[in-house]
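**Q** Attaching a single structure in structure tokens format; questions to follow.
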Amino acid sequence: MAHEFDGAHRISMERERQVVEEGWTLEHDDEHCNSEMGIAGGCYAHHAATFPYMSNIQAYRTAPPPIDWPWDAKWWKPKQPQDDLAKAGALMAAEIDRLDRAMWARMDAEST
């Protein structure tokens with residue numbers, strides 16, 4: 001049986017879920033002007049890469065948020081490494097987009 005793998009698609013689908021199901025609009029993202037989305041993405045990626053989950057997925061899912069988690073603990077929701085890496089990628093993409101919007105807004109303001 002052949003399997004298809006497409007991590008970039010999983011990241012894109014997670015970002016779409018964040019917008020559609022969670023309601024995290026561009027305007028909402030722009031409120032996180034202290035790199036919170038990038039930090040949160042790093043937290044999920046680090047958790048997925050370093051937690052010894054294979055022997056105990058429940059421990060993986062119930063681990064407390066890392067010390068640098070930028071939001072309230074209720075928003076820390078690890079599931080499984082692949083899902084959390086997709087979540088990390090989606091948060092990183094949102095942070096990149098936020099930085100780009102901020103840069104273009106500054107450039108537009110300076111040109112007027």
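**Q** Across the stretch 43-59, what is the total count of residues that are surrounded by fewer than 19 Cβ atoms within 10 Å (Cβ to Cβ) and either part of a helix (DSSP H, G or I) or touching a Phe, Trp or Tyr at 6+ places or on another chain (Cβ under 6 Å) (or both)?
**A** 9
**Q** Scan the stretch 25-42 and tell me whether some residue there is within 11 Å of PRO81 (Cβ to Cβ) and at pLDDT 95 or above.
**A** no
**Q** Sticking with this one: Can you find, within the stretch 66-82, the residue that is surrounded by the most Cβ atoms within 10 Å (Cβ to Cβ) among those that are part of a helix (DSSP H, G or I) and at pLDDT 95 or above?
**A** Ranking the candidates gives TRP75 first.
**Q** Failed condition for GLY23, given (1) assigned to a helix (DSSP H, G or I); (2) at positive phi, with all others met?
**A** (1)
The values are calculated or read from the model by the stated rules, or taken from the named source; none is laboratory data. On a predicted model such as this, the values are computed, not experimentally measured, just so you know. Here Cβ is always computed from backbone atoms with ideal geometry, including for glycine, and neighbour counts include all displayed protein chains.
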